[in-house]
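Undergrad: My structure is below; once you've seen it, I'll send some questions.
The values are calculated or read from the model by the stated rules, or taken from the named source; none is laboratory data. Predicted model, so just to flag it, every value in this text is computed and none were measured. Backbone-built Cβ (ideal geometry, glycine too); neighbour counts: all protein chains shown. Just the protein is used for accessible areas: all its heavy atoms, side chains included, with ligands, DNA and RNA removed. Shrake-Rupley method; radii C 1.70, N 1.55, O 1.52, S 1.80 Å.
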Amino acid sequence: MKTINPLFSILLLIFFISCNNSDNTNPEYTVYQGATLFDGTGKKIDSSIIIINKGRIEAVGDENTAIPDNAEIIDITGKYITPGLIDAHVHLSATGLFDTRPGQAKEKYLDSLNYYLSAKAWTKNNVEKYYEAYLRSGVTGVYDTGGAPWTISLQETAENDLNAPHVAASGTLITPASEEFVNSINPPVEKEMIRLTSDSLGRKVVQYNTYLGSTGIKIWGLALEDEEFMSRMEAVADEVEKLGNKLIIHTHVLDDAKAALQLGAKLLVHGVSHKVVDEEFINLFKKNNALYTPNIGWKKASIYSMEALIGEAGDIEDPNQVLDERTRRFIQSPGEYISSLDTTGVQEGIKGLRSEEFKKGHDSIPMLNLKKLWEAGVTIVVGTDAGNPGMLHGISYYDELEKMQEAGIPASDLIVMATRNGAMAMERLNDIGTLEKGKMADLIILEKDPSEDISNIRSITHVMRGGLLRPVNEKFEK
Ligand SMILES: [Zn+2]
């Protein structure tokens, strides 16, 4: 027979007393009223009321929305609210600097892989510093589309941590890249990339990632000319489907992207950059209900990261000081982390990225493709590729949005892409991504109207994660 612990009875009594408390000393509901609210579905509410209860949204509506008796009312007339932002393409096991890019760095910039390994270990041991940079940038959800296997376990730990954004992660990547390249990328343990050498290996990688709980299985490039590889990819796609997981593809090439869609891909994490997209591509996209991440803000970031290597980078645009100390110091004095920098070719690289030629090709085609796909009604998400050189965790998000706006996407649509569509990519639309009854209370408060100009997202003052509202210009208390 069960007995009731007396202490439990007392606690239960206190609980009931506090529930019946009708004064405002311990309100059950928090109400934010007066702001212009964008709910993430495309709807705008002037003079809004949003009611939060136990970390979730109790109600959202206009000024006539009924307010419960026991509520704390906070007037934020003149401000703007959107759902928390979602970065649908990040790499939490990479720093955003050259120290986690050995393939590139080994030949050009670094003299030893030890820098790489220590930087990799640092990301694993300090991932909460990136969490804070995201949250204080207004990003309350991130999708790690490929990296160390340990990133998959973050999905669960971050979920219950109000100091972390929600995390989705796909884990180890599958690739046709050479053994040499794959070895240069992989730490000796916790492999981030697996070269697809047989059907059975492909199936096993899919199985293991899926059993670990991965959200998606990412393919890093295809090799259409390699028939054997492509036939192994069919086995991979078959296993993904069998286990109910999702195929994600990294490519910039139109024909590769089409082949991936024919294999069933549901998410492209980069835009097509070499050719203008055609009808066939758009139709395949729609048939798969696939999502498109243009990922076009990287150029500015790459130039910045190269300037940092030669000591020519200007100040980091980080008014709220959200970046962690290591990243900041690395940019200001990379020599402290990499003792003998070989900067051959860096100037050349910067010149190349700044050239008119680059602008006409690599820069303009992805923007044109984004506009075409948007006009065709393809679902578009926002992803920075943060973790790669120059794409700093958190703050890179604004550059990406601004570049998408430059491509011709209206700011009001960008709000939806940055919130609801990101949650779709993370497979979390049932509880995050929009401000609707029953969803988690993840939102940001802005000084300026983001639907007028998406740059106004930079006017963020507060972020709410799971009902906890904090100013973004103050460090989180530990
Ligand atoms: Zn990436």
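Undergrad: Going toward the positive end of the dipole of the chain, with +1 on Lys and Arg Cβ and -1 on Asp and Glu Cβ, which of 297, 235, 386 do you reach last?
TA: Farthest towards the positive end: 235.
Undergrad: Roughly how many nanometres apart are two label points built 7 Å out from the Cα toward the Cβ at residue 255 and residue 477?
TA: 6.1 nm
Undergrad: Further question: Return, ordered by residue number, the residues of the range 269-311 whose backbone nitrogen is under 11 Å from a label point located 7 Å along Cα→Cβ of residue 429.
TA: From the range 269-311, the list is 289-291.
Undergrad: Taking H placed 1.01 Å from N in the peptide plane, check which residues at least 5 places from residue 173 or on another chain put their amide H under 5 Å from its amide H.
TA: When sequence neighbours closer than 5 places are left aside, the close amide H contacts are 147, 193, 194.
Undergrad: Label residue 238 and residue 286 with points 7 Å out from Cα along Cα→Cβ: what is the distance between them in nm?
TA: Between residue 238 and residue 286, the simple spin-label model gives 3.1 nm.
Undergrad: Divide, for the range 258-370, the radius of gyration over alpha carbons by 2.2 N^0.38 Å, where N is the residue count.
TA: With N residues counted in the range 258-370, Rg over 2.2 N^0.38 Å equals 1.40.
Undergrad: Calculate the length of the line joining the C-alpha centroid of the range 183-224 to that of the range 351-380, in whole Å.
TA: 30 Å
Undergrad: What full-extension length gain, to one decimal in nm, is calculated for residue 276 and residue 357 as 0.36 nm per residue of separation minus the Cα-Cα distance?
TA: Full extension of this stretch gives 27.5 nm more.
Undergrad: Another question about this same structure. Averaging sequence separations of C-alpha pairs under 8 Å and six or more residues apart, then dividing by the length of the chain, give the relative contact order as a whole percent.
TA: Computed over the chain, the figure is 21 percent.
Undergrad: Of 288, 463, 444, which is farthest on the positive side of the dipole of the chain, counting Cα position, with +1 on Lys and Arg Cβ, -1 on Asp and Glu Cβ, and the Cα centre as origin?
TA: With unit charges placed on the Cβ atoms, the residue in question is 288.
Undergrad: Using the Cα centre as the reference, give the magnitude of the dipole from point charges on the C-beta atoms of the chain (Lys, Arg: +1; Asp, Glu: -1; all else neutral), rounded to the nearest 20 debye.
TA: 620 debye
Undergrad: By how many nm would the segment from residue 230 to residue 348 lengthen if fully extended, with 0.36 nm per residue of separation less the alpha-carbon distance?
TA: 38.9 nm
Undergrad: Next question, about the same structure. Note the full-extension length gain between residue 124 and residue 150 as 0.36 nm times their separation in residues minus their Cα-Cα distance, in nm to one decimal.
TA: 8.6 nm
Undergrad: So, one more: What is the set of long-range amide H partners of residue 144 at a cut-off below 5 Å, with H atoms built 1.01 Å from backbone N?
TA: 90, 168, 169, 170
Undergrad: I've got another one for you. Between 32, 127, 323, whose Cα lies farthest towards the positive end of the dipole of the chain when Lys and Arg beta carbons carry +1 and Asp and Glu beta carbons carry -1, centred on the Cα centre?
TA: The one lying farthest along the dipole's positive direction is 127.
Undergrad: Here is a follow-up. P(r) for the range 313-431, please, calculated from all Cα pair distances in 10 Å bins and given in %.
TA: Calculated P(r), rounded to whole percents: 11, 31, 33, 20, 5, 0.
Undergrad: Any idea what diffusion coefficient the chain gets from Stokes-Einstein, in µm²/s, Kirkwood Rh on alpha carbon pairs, 10 °C, 1.306 mPa s?
TA: So the translational diffusion coefficient is about 68 µm²/s.
Undergrad: Would you calculate the separation in nanometres between label points at residue 161 and residue 412, each defined as 7 Å from the Cα along the Cα-to-beta-carbon direction?
TA: Here the answer is 3.9 nm between the modelled labels.
Undergrad: Using R₀ = 35 Å, calculate the FRET efficiency as 1/(1 + (r/R₀)^6) where r is the Cβ-Cβ separation of residue 74 and residue 371; round to 0.05.
TA: With a Förster radius of 35 Å, E is 0.30.
Undergrad: Whole Å is fine, so just give me how far the alpha carbon centre of the range 434-477 lies from that of the range 148-172.
TA: Taking the Cα centre of each part, the range 434-477 and the range 148-172 sit 21 Å apart.
Undergrad: Shifting gears a bit: As an exercise, use a Förster radius of 35 Å and the Cβ-Cβ distance of residue 207 and residue 180 to find the FRET efficiency, rounded to the nearest 0.05.
TA: Once the sixth-power term is evaluated, E becomes 0.85.
Undergrad: Another question, if that's okay. With n ≥ 4 as the cut-off for DSSP H runs, can you work out [θ] at 222 nm for the chain, using -39500 (n - 2.57) per run divided by the number of residues, rounded to the nearest 500?
TA: The helix contribution divided over the chain gives -11000 deg cm²/dmol.
Undergrad: Are there GluC sites (Glu not before Pro) in the range 378-456 that DSSP marks as loop and that have at most 12 other Cβ atoms within 10 Å, and which are they?
TA: 447, 452
Undergrad: Shifting gears a bit: Would you rank 174, 316 by solvent-accessible area, highest first, keeping every protein chain in place and using a 1.4 Å probe?
TA: Correct descending sequence by accessible area is 316, 174.
Undergrad: For the range 129-169, what's the radius of gyration and Dmax over Cα atoms, in angstrom?
TA: 9.5, 26
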